[in-house]
Amino acid sequence: MKLLILHGPNLNLLGTREPGIYGKLTLAEINSTLVKLSAELGCELSFLQSNSEGELIDAIQDAAQHCSGILINPAAYTHTSIAIRDALAAVGLPCVEVHLSNIHNREPFRHVSMIAPVTIGQICGFGGDSYLLALRALFNYVKTK
Ligand code: CA2
């Protein structure tokens, strides 16, 4: 089983700024905890962080050929991107939406996700653990589907 991990805009800055909201882990550290878990579960991961909406959409479209599921933190595109939502809906792969922070107890504009309606579920508010919970959930979903 191969799963695609997508990180949206500005997540390359993790661990360098705003540790109060997003924690102290760098993106490389989050990715390495995911690799460790994937070895335990028995799946393969590929990773992309991009600040560009188009590049994220290209990766979602490519995943249709190579992957069984997508784990995505769309970052600010969560709240704005009908294009990412349409791409996910078009490929039809099972997708889990992840956030480090709890988007529902922050500013009202973060309460709405364009992406959630085309996912199997959303996990938010647990910092780096959100990603690990999401990987387990996606893996179990794909395995038992
Ligand atoms: O909580 C999350 O994971 C978010 O997806 C993070 C996004 C935010 O727009 C979403 O509402 C919730 C922001 C990512 C920006 O990451 C930074 C990391 C370090 C320093 C500054 C920004």
Could you tell me whether the stretch 59-79 includes any residue that is open to solvent by 60 Å² or more (accessible area, probe 1.4 Å), within 16 Å of the ligand (Cβ to nearest atom) and either in a loop (DSSP other than H, G, I, E, B) or more than 18 Å from residue 11 (Cα to Cα) (or both)? no
What do you reckon, is residue 119 more than 14 Å from residue 11 (Cβ to Cβ), open to solvent by 50 Å² or more (accessible area, probe 1.4 Å) and of a type in the set (Ser, Thr, Tyr)? no
Which of the residues that make up the stretch 80-114 are within 9 Å of the ligand (Cβ to nearest atom), among the hydrophobic types (A, V, I, L, M, F, W, C) and surrounded by 21 or more Cβ atoms within 10 Å (Cβ to Cβ)? 98, 100
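If I filter the stretch 98-145 down to residues being among the polar types (S, T, N, Q) and touching a residue at least 24 places away in the same chain (Cβ under 8 Å), which single residue comes out as farthest from residue 82 (Cα to Cα)? Step through it out loud before you land on a result.
Quick first cut of the stretch 98-145, residues among the polar types (S, T, N, Q) only: 101-102, 105, 113, 119, 122, 130, 140, 144.
Those still in the list that are touching a residue at least 24 places away in the same chain (Cβ under 8 Å) too: 101, 113, 119, 122, 130.
Numbers: 101: 22, 113: 10, 119: 13, 122: 17, 130: 23 Å.
Per the stated criteria, the residue is 130.
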Looking at the stretch 21-45, which of its residues are open to solvent by 80 Å² or more (accessible area, probe 1.4 Å), within 15 Å of the ligand (Cβ to nearest atom) and part of a helix (DSSP H, G or I)? 29
Would you pick out the residues in the stretch 102-145 that are farther than 18 Å from residue 75 by Cβ and of a type in the set (Ser, Thr, Tyr)? 141, 144
Search result, residues across the stretch 2-20 that are open to solvent by 70 Å² or more (accessible area, probe 1.4 Å) and either within 14 Å of the chain's Cα centre (by Cα) or within 7 Å of the ligand (Cβ to nearest atom) (or both): 10, 12, 16, 17, 18
Taking the criterion of being open to solvent by less than 20 Å² (accessible area, probe 1.4 Å) and either acidic (Asp, Glu) or touching a Pro at 6+ places or on another chain (Cβ under 8 Å) (or both), would at least one residue in the stretch 125-145 satisfy it? yes
Which condition from (1) over 27 Å from residue 145 (Cβ atoms); (2) touching a residue at least 12 places away in the same chain (Cβ under 8 Å); (3) within 12 Å of the ligand (Cβ to nearest atom) is the one that residue 50 breaks? (3)
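The values are calculated or read from the model by the stated rules, or taken from the named source; none is laboratory data. None of these values were measured; they are calculated from a predicted model. Every residue, glycine among them, receives a Cβ derived from its backbone with ideal geometry; neighbour counts consider all protein chains shown. Ligands, DNA and RNA are excluded from the accessible area calculation, which covers all protein heavy atoms including side chains. Shrake-Rupley method; radii C 1.70, N 1.55, O 1.52, S 1.80 Å.
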